[in-house]
Every structure is written in C-alpha cells, then in structure tokens.
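**Q** Let me give you the structure first, and then I'll get to my questions.
The values are calculated or read from the model by the stated rules, or taken from the named source; none is laboratory data. Because the structure is a prediction, the values reported are computed rather than measured. Cβ placement follows ideal geometry from the backbone for every residue including glycine, while neighbour counts extend to all protein chains displayed.
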Amino acid sequence: MKKVLFLVLVLSFLFGGALGVAAQAEAGPCDAYCTALNAGASQQELSGIDTQGRTCICNPLQAEGLSDVITPILDFLFNIALVLTPVMVVVAGIMFVTATGDPAKVSRAKQMLIWTAVGFGIIVLAKGLIVVLRTIIGF
C-alpha cells in the first residue's frame, strides 16, 4: 500500500508539474481570425482577414489555460458525487435493514457505507485543495 501511495505521489508531481507549465505564445496572424470566428463573423468577413498564408486552427474549447479546461470537469464530477453519495447511503441503509442479522450482509453494507464516506471525503478534500491552491497561486 505504501508503494502505491508513493508511486501516485511521485507521478502526480511529475505529471502535475508538466501539465502546469503553460507557454504564452505571441499574438500571431491567426488571433484576429479566431477572435472574429468566435464572435460569429460571416464567411465573407473571415475571408477579409489576412492570415499571411497560414492555416488557422482555432481553439474549439475557447479556454485560455489548463485551469479553464479542468474546472468544469471537476465541477461536474463534484456534482455527480453530491448526487450519488446520498443514494449510496440509502442503499447501504436498505442493505442493513434487509440483512436480518446475516453477518456477511451486514459486513457488506458496512463496507459500502464506509467506502461511500471515504470517496465523498476524498472528493470534498480535492475540491477544497483546489480552492486553497488557487488562492495561494493567484488563479
């Protein structure tokens, strides 16, 4: 277990550092084209923009950085967890009630309740950690 946690920690530092570095590119000929395209310009207006012979590929996500991409995903997962946690608690409660004293069923219901609490705790701590890190870093 310690080896797995150590491996996860090392990989998170390696990949987290690599993903956190963002290069700021200079404004090029495609910036005006992509800005006009995102603003809903017509094809005729877009053809009038000089792209200096380059093929412009605009960002379909319209995100400025990795944080703008990850935040909606994390919010979605957090909302899913907020819905699933009470459902799993109710299911574990029903399993407790219908166990009728069978130790195997009681143990299974108890494990479900424990792991539901652990999973929800991890998600809440992750959400809180993101908020704290953004405050410290200044995002």
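**Q** For region 37-70, name all the residues that are among the charged types (D, E, K, R) and part of a loop (DSSP other than H, G, I, E, B).
**A** Correct list: 50, 54, 64.
**Q** Within region 93-109, is there a residue that is outside any helix (DSSP H, G or I), surrounded by 12 or more Cβ atoms within 10 Å (Cβ to Cβ) and at negative phi?
**A** Yes, some residue in region 93-109 is outside any helix (DSSP H, G or I), surrounded by 12 or more Cβ atoms within 10 Å (Cβ to Cβ) and at negative phi.
**Q** So which residues in region 109-123 are without any contact (Cβ under 8 Å) to a residue 12 or more places away in the chain and within 22 Å of residue 73 (Cβ to Cβ), if there are any at all?
**A** 118, 121, 122
**Q** Is at least one residue of region 14-23 more than 21 Å from residue 137 (Cα to Cα) and at pLDDT below 75?
**A** No: zero hits.
Residue-wise test of (1) of a type outside the set (D, E, K, R); (2) within 30 Å of residue 114 (Cβ to Cβ); (3) surrounded by fewer than 13 Cβ atoms within 10 Å (Cβ to Cβ); (4) in contact (Cβ under 8 Å) with a residue 40 or more places away in the chain.
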residue	(1), (2), (3), (4)
40	yes, no, yes, no
46	yes, no, no, no
50	no, no, yes, no
53	yes, no, yes, no
56	yes, no, no, no
62	yes, no, yes, no
66	yes, no, yes, yes
81	yes, yes, no, yes
89	yes, yes, no, no
